[in-house]
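S.K.: The following block contains the structure, expressed as structure tokens.
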Amino acid sequence: MNIRYRVELSEAERSELKTMLNGGRQAARTLKRAQILLAADAGVPDEVIATSIAVGGSTVYRTRRRFVEGNLDKALHEQPRPGVARKLTGQEEALLVATACARPPAGRARWTLELLAGEMVRLTAHESLSRETVRRRLAANALQPWRQKMWCVPKIDGEYVARMEDVLDLYAEEPDPQHPVVCFDESPVQLIGETRTPIPAAPGRVERIDYEYRRCGTVNLFVMVDAHCPWRHVTVSERRTAHDFAASLQELADVHYPEAERIRVVLDNL
């Protein structure tokens, strides 16, 4: 069964797409996806959209699906694709980011890719590191240290690097049931619903499901992941308030780790 995803833009989303098309400072494929969404929102058939924008029918279908199953950003932009294993570990990449955000060597106005590659060879066990590896890791972290206008964190010094290493060392510790390490994060999620009620199966007839999906608002997910055990838990809330946050932490302590002496939680500024 081919599923048809119904695009229903809000006024804010429609305005954002029109502004994007009028500005013209986006990649060509991003602008075409914006045109697809606006046309789909207006009820234009997929075949007409594909012909008028000069794209394939699969492109129209994927753009619809990414919008309905995700959000506007996911529909407009490419998602990361799997590739070969990274040469830098997570701890080494964090060190690269901290180095790129620190002051360059004496006599240098700014870091270059070659300087960063050489510094990483000096600080790690790597015998060599290509400028392309450095460039890719910096791009993944939205860093361009060779430009004058750059900002990463308010202050990069020995204390910052030491605290960063404390977190990485925490992940590297041996599992301790009395002192579990739990990563805590939150994420908004788009809800997807059916436009018509499915017709249940009957003797001689399979269940019938309508092929259209539509967006049904959003919810918030509080996600808890044990860093040393194959365990995770998700709590769903309508909002992301301080009360919801506190209730999730209380659930973590009282329900999931009642016997722990201390729970070490790793989280961001939430």
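S.K.: Picking from GLN79, GLN35, which residue would you name as being at pLDDT 90 or above, under 25 Å from VAL189 (Cα atoms) and not basic (Lys, Arg)?
M.R.: Working: GLN79 fails: at pLDDT 90 or above.
Only one candidate qualifies: GLN35.
S.K.: Can you pull out every residue in the range 166-185 that is open to solvent by less than 50 Å² (accessible area, probe 1.4 Å) and either outside the structural domain of ARG239 (by the TED database) or among the basic types (Lys, Arg) (or both)?
M.R.: LEU168, LEU170
S.K.: Follow-up question, since we're still on this one. Which of the residues belonging to the range 235-251 are assigned to a helix (DSSP H, G or I) and among the charged types (D, E, K, R)?
M.R.: Listed by number, the residues that qualify are ASP244, GLU251.
S.K.: If I go through the range 189-222 residue by residue, how many of them are in a strand (DSSP E or B) and without any contact (Cβ under 8 Å) to a residue 40 or more places away in the chain?
M.R.: To start, the set of residues in the range 189-222 that are in a strand (DSSP E or B) comprises 189-194, 199, 202, 205, 208, 212-222.
Of the ones still in play, those that are also without any contact (Cβ under 8 Å) to a residue 40 or more places away in the chain are 189, 191, 193-194, 199, 202, 205, 208, 216-222.
Of the residues in that region, 15 qualify.
S.K.: Suppose we filter the range 254-270 for residues that are surrounded by fewer than 14 Cβ atoms within 10 Å (Cβ to Cβ) and assigned to a helix (DSSP H, G or I); how many remain?
M.R.: 2
S.K.: Still on this model: So if I check each of GLU8, GLU47, which one is outside any helix (DSSP H, G or I), under 23 Å from TYR211 (Cβ atoms) and of a type in the set (Asp, Glu)?
M.R.: Values: GLU47 fails: outside any helix (DSSP H, G or I).
One residue alone meets the criteria, GLU8.
S.K.: Also, I was wondering about something else. Being open to solvent by less than 80 Å² (accessible area, probe 1.4 Å) and not hydrophobic (A, V, I, L, M, F, W, C) is the filter here, so list the residues in the range 186-213 that pass it.
M.R.: Hits for the range 186-213 are GLU186, SER187, GLN190, GLY193, THR195, PRO198, ASP210, GLU212, TYR213.
S.K.: Going residue by residue through the range 28-35, is there one that turns out to be under 26 Å from ASN220 (Cβ atoms) and touching a residue at least 24 places away in the same chain (Cβ under 8 Å)?
M.R.: As a first pass, look at the range 28-35 and keep what is under 26 Å from ASN220 (Cβ atoms): none.
No, the range 28-35 has no match at all.
S.K.: Would you check which residues across the range 19-38 are in a helix (DSSP H, G or I), open to solvent by 20 Å² or more (accessible area, probe 1.4 Å) and touching a helix residue (DSSP H, G or I) at 6+ places or on another chain (Cβ under 7 Å) and list them?
M.R.: Of everything in the range 19-38, those that are in a helix (DSSP H, G or I), open to solvent by 20 Å² or more (accessible area, probe 1.4 Å) and touching a helix residue (DSSP H, G or I) at 6+ places or on another chain (Cβ under 7 Å) turn out to be MET20, LEU21, LEU31, LYS32, ARG33, GLN35, LEU38.
S.K.: I've got another one for you. What's the number of the only condition in (1) at pLDDT 85 or above; (2) under 19 Å from the mean Cα position of the chain (by Cα) that ILE263 fails to meet?
M.R.: With respect to (1) at pLDDT 85 or above; (2) under 19 Å from the mean Cα position of the chain (by Cα), ILE263 is out only on (2).
S.K.: Which pairs have Cβ atoms under 8 Å, sit 6 or more apart or on different chains, and link a residue in the range 125-145 that is hydrophobic (A, V, I, L, M, F, W, C) and assigned to a loop (DSSP other than H, G, I, E, B) to one that is modelled with pLDDT of 90 or more and loosely packed, with under 14 Cβ neighbours inside 10 Å?
M.R.: LEU129/VAL121
S.K.: Take the residues of the range 178-206 that are modelled with pLDDT of 90 or more and not acidic (Asp, Glu): which is farthest from the chain's Cα centre (by Cα)?
M.R.: GLN178
S.K.: Do the conditions hold for SER237, that is, is it touching a Phe, Trp or Tyr at 6+ places or on another chain (Cβ under 9 Å), among the polar types (S, T, N, Q), closer than 30 Å to ARG6 by Cα and surrounded by 15 or more Cβ atoms within 10 Å (Cβ to Cβ)?
M.R.: The answer is yes for SER237.
The values are calculated or read from the model by the stated rules, or taken from the named source; none is laboratory data. A quick note: this is a predicted structure, and the numbers were derived from the prediction, not measured. Counting neighbours? That spans all protein chains shown, and the Cβs are built from the backbone with ideal geometry, glycine included. Accessible surface is based on the protein model in full, side chains and every heavy atom, while ligands, DNA and RNA are left aside. Shrake-Rupley method; radii C 1.70, N 1.55, O 1.52, S 1.80 Å.
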